[in-house]
Amino acid sequence: MTNWAQSVERIVGSDDLHVAPLRADGTTYGTPTWIWSVVVDGRLFVRPWNGQRSRWYRSAMAQRAGRIIAAGETHEVEFTLGDPDLNGRIDEAYRTKYAGSPYLPPMVAAGPRAATVEVTSRNGQHVSESGKER
């Protein structure tokens, strides 16, 4: 299992993912925003509560890069639009992980579903708590 795959397992288990896409200047990170995350086939997916209107989503799709903070780790990541063919399985992963939450129905609704984002490691970079690459 690669370091990223191991990190994805920890991220999904911790349920504390914060996303911080790069801002328009391409160097400054946005304010970390807590979001739900799920894994399908070892791939990490997130959805914005407000769909494509979400500020972090718009930045993520414009810049395609940023960082995530989760499970005590910080990772430099890339953001890409999720594969629509996986949306049914991603919905099911949300239903399983967040069963019973009153916030679940909107997360599997059309708006957030259309804004599904896949998060991948950017060049395998991992940033320690001190902010230095390792």
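Checking segment 65-75 against the condition returns no match, with no residue being among the aliphatic types (A, V, I, L, M), over 10 Å from H18 (Cβ atoms), buried (at least 19 other Cβ atoms within 10 Å of the Cβ) and under 10 Å from the mean Cα position of the chain (by Cα). Listed here are the strands (runs of 3 or more DSSP E) enclosed by segment 5-112 that have at least 1 residues being closer than 20 Å to N123 by Cβ and in contact with a helix residue (DSSP H, G or I) (Cβ under 6 Å, 6 or more places away or on another chain): 18-21, 43-46, 65-70, 73-81.
If only residues of segment 29-69 that are of a type in the set (A, V, I, L, M) and touching a residue at least 60 places away in the same chain (Cβ under 8 Å) are counted, the one that is farthest from I11 (Cα to Cα) is V46. Residues of segment 5-45 that are under 14 Å from A60 (Cα atoms), of a type outside the set (A, V, I, L, M, F, W, C) and surrounded by fewer than 20 Cβ atoms within 10 Å (Cβ to Cβ): H18, R23, D25, G26, T27, T28, Y29, G30, T31, P32, T33.
Taking the conditions (1) at pLDDT below 95; (2) over 19 Å from R10 (Cβ atoms) in turn, Q125 satisfies each one other than (2). Considering only residues that are farther than 18 Å from Q6 by Cα and within 13 Å of the chain's Cα centre (by Cα), which ones fall in segment 37-52? Hits for segment 37-52 are R47, P48, W49.
Within segment 76-99, if we keep just the residues that are among the small types (G, A, S) and more than 15 Å from the chain's Cα centre (by Cα), the residue that is surrounded by the most Cβ atoms within 10 Å (Cβ to Cβ) turns out to be G88.
The values are calculated or read from the model by the stated rules, or taken from the named source; none is laboratory data. Not measured: the values here are computed from a predicted model. When we count neighbours, we look across all protein chains shown, and the Cβ atoms used for this are built from the backbone with ideal geometry, even at glycine.
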